[in-house]
């Protein structure tokens, strides 16, 4: 991969996060709350009946995809700092639009954990111009060198799937079957 083309996001060995941007929130009483800060890049995991919802966001599609991978891994594993890492690349074929690329990437992460016994610690996502899909460069550690933080995901639900970009960047919301 040419230098400077991909976007690298990661925890332990990843790039620093972008500056936070202010957002305002209202309340049911009609009075505004104090301003909250949401980083320009990030993710969170929310409980859902028998499932987990992950949300990720970033200034562009590639950042949002990378954050979604880190959120997915965070559901079930936390790579230990001293774990020996290796790199692998995966190509995600084009689907029916950006949401299908997101699902394909997350399903690949589940496959890597289940079949190859590794989890990403950092990820670089880039467009694969030749195929119209994605290229993901993953820094992975053995699952045995990660602390288990929850049950392993079984799959990605396509219902309630959201992935779109706008003036404030890209956001996704995914239901993960655990």
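Highest mean first, what order results for 59-72, 97-110 on Cβ atoms within 10 Å? Write out the running numbers ahead of the final one.
Numbers: 59-72: 23.8, 97-110: 19.4.
Output ranking for 59-72, 97-110: 59-72, 97-110.
What distance in nm lies between label points placed 7 Å from Cα along the C-beta direction at residue 164 and residue 75?
2.3
How do 135-147, 73-85 rank on mean C-beta neighbours within 10 Å, highest first? List each step's numbers first, then the result.
Values: 135-147: 18.6, 73-85: 16.6.
Sorting 135-147, 73-85 by mean packing, highest first, produces 135-147, 73-85.
Read-outs throughout are calculated quantities, based only on the coordinates presented, and are distinct from any laboratory measurement. Note that the coordinates shown come from a computational prediction; the quantities given were computed from them, not determined experimentally. Cβ coordinates were reconstructed from backbone atoms using ideal geometry, including for glycine residues, and neighbour counts include every protein chain displayed.
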